[in-house]
Amino acid sequence: MREFRYVITDNEGIHARPAGELVKLAKTFTSEVKAAKDGKEADCKKIFALMGLGAKKDQEVCFTITGEDEETACEALERFMRENL
Amino acid sequence: MGADSMKTYSGKSVYGGIAIGRIHVYKKNESLVRREKIDDPDAELERYERAKAEAVAQLKSLYDKALKEVGEVNAAIFEIHQMMLEDGDYNESVEHIVRTQQVNAEYAVASTGDNFAMMFAEMEDDYMRERAADVKDISERLLNVLCGSASGAVQTEEPVIIAADDLAPSETVQLDKDKILSFVTVHGSTNSHTAILARTMGIPALIGTDVSLDGIDGKLGIVDGMEGRFYVEPDEELLGQMRRKQQTELAQRELLSSLKGKENVTLDGRKVMLYANIGNVKDMSKVLHNDAGGIGLFRSEFLYLESDHFPTEEEQFQVYKTVAETMAGKRAIIRTLDIGADKKCDYFGLEAEENPALGYRGIRICLTQTDVFKTQLRALFRASVFGKLAIMYPMIISVEEIRRIHEIVAEVKAELTESKTPFGDPEQGIMIETPAAVMISGELAKEVDFFSIGTNDLTQYTLAIDRQNPRLDSFYDAHHPAVLRMIAMVVENAHREGTWVGICGELGADTELTEEFLRMGVDELSVSPNYILPVRRRIREINLEA
């Protein structure tokens, strides 16, 4: 299992467009990808769940990735978050 | 229809222009969903799967349509709608309802849609609350396929003003543009996809309008997108006035359609870069709408003026990235902070000055408060990865200033490399707006990629005339030979060093001077978006060999 934490810097938080892109990216990996915030957890391959987290600017989201390609997935997701959110 | 029955409403305009025509009240195809018992859940779910496939196909073609009409950024919503339709939780919910309650797919979709919309409606921030509309939109689409009814079509002969409670993005993009003069909605926000789409499509539109839709269907209406007014049953006087206003606007639009997509080329084949000057991200749609080849001057001040603190690197990065991505490979020149005692923000703590035009401003602030400057540079260099950004420094008077800027840039790049943050390699140029810069333009040209001549300040500093003082009008000559000779001199000196030159002041849009500028060899003209096409028309009439 791999894990990383990220504090949202985008003013609008995880809104529709980046959420869509994040889901697309998460789906390219076989690993399970979860995002958690304030005790709520969401499957990153499901757009409603992800948007439902309501992650906003300055809030910390914790990502856990479990599976065969967790190494590459973790790296790609972390880069995506840094560049887009 | 007399003066006494005229009603005036106001709304927030999301796009200018005037529309006069019959009002058509758009009613959603809210198919009444009935709960029906079914015997074979598998067959029902198969029916659901087929409907879903059809809905996804519809969204794909809407995406393609929107991509062509309004660009990738605005089309993305239809891709997100596809993902929503394919979302695991949504589909599980539908399946669960069909199986456990033994009911029809329509009912399962409607309940699921309501539940998911509720989740968004209960969220804290406005943006997420508005997403409830997206959920309703995809559920409606599924229902329409399941019930076999078409949605969105407006059955009218003559073009109409669409009035609605709210319009979903898919509804706006499906509207047959030839039949739509404008739209007016009671709800909606400037953030909504609909507002953004409307702006990009160039349809006059009002949102948040205080109108009651009852009884206005079929009546004559006027939408004034410039003033944010909606008139129902206007009187003759207003009608005449609005027709004249509309004609002026239409003349501009005709010019637009006949010149859109044409090259900025003279009769003898000289090509010129014709860019737009803007002061806010909000103006980006005007840049695209008027067919500018790039952005020649993006004033970054709004970031500072609209803020109550020094804008952070991330805040700036997001804005510059949006600009770079929206311009999709076209050049966008961003001018670094050009603030001074006349345009100030409290948090800068600038002291009042006797003579702000000659005071602590522009690059002088940046080279003194280098932390503020570096924050902006870091954001700009990072955003350059996403498109063709260029950076322009204002108020330069010496070679030493540019060398100092280069040192600071080198520090910024080293820091970014150190933290493994990706950054691009934007072109860097300077504003030529002081007589000093003109005189040493040969030396300055060796240090930078491009020049942009700011004719407003250059004229003011050269003639020693304050443009704000009306008593000086009789002394002022916008075409003063001193200024024109300075421009010629700058172009000559720059070209000797292989540096290209643009004009981004008001003179750039002065069509009486276009020919003279081209003869001088000016490479680029940057003007307000609404001057792009008039200047293009002028360029296309000029024959430099004649």
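For this structure, a couple of remarks:
- Scanning the stretch B:86-122 for residues that are in a helix (DSSP H, G or I) and of a type in the set (S, T, N, Q) yields B:Asn91, B:Ser93, B:Thr100, B:Gln101, B:Ser111, B:Thr112, B:Asn115.
- When B:Asp449 is tested against (1) out of contact with any strand residue (DSSP E or B) (no Cβ under 7 Å at 6 or more places or on another chain); (2) surrounded by fewer than 19 Cβ atoms within 10 Å (Cβ to Cβ), only condition (1) is not met.
- Check on B:Arg131, within 10 Å of chain A (Cβ to nearest Cβ), among the basic types (Lys, Arg) and in contact with a helix residue (DSSP H, G or I) (Cβ under 7 Å, 6 or more places away or on another chain): yes
- Residues in the stretch B:224-275 that are exposed (fewer than 13 other Cβ atoms within 10 Å of the Cβ) and on the phi > 0 side of the Ramachandran plot: B:Gly261, B:Gly269.
- Conditions (1) in contact with a strand residue (DSSP E or B) (Cβ under 9 Å, 6 or more places away or on another chain); (2) in the same structural domain as B:Ile18 (by TED's automatic domain parsing); (3) without any contact (Cβ under 8 Å) to a residue 40 or more places away in the chain; (4) not basic (Lys, Arg): number failed by B:Gly88: (2)
- Residues of the stretch B:326-371 that turn out to be of a type outside the set (Lys, Arg) and closer than 29 Å to B:Val287 by Cβ, as a count: 20
- Boolean, B:Met123 is within 12 Å of another protein chain (Cβ to nearest Cβ), more than 31 Å from the chain's Cα centre (by Cα) and farther than 14 Å from A:Ile47 by Cβ: no
The values are calculated or read from the model by the stated rules, or taken from the named source; none is laboratory data. On a predicted model such as this, the values are computed, not experimentally measured, just so you know. Note that we place each Cβ from the backbone using ideal geometry, even for glycine, and neighbour counts take in every protein chain shown.
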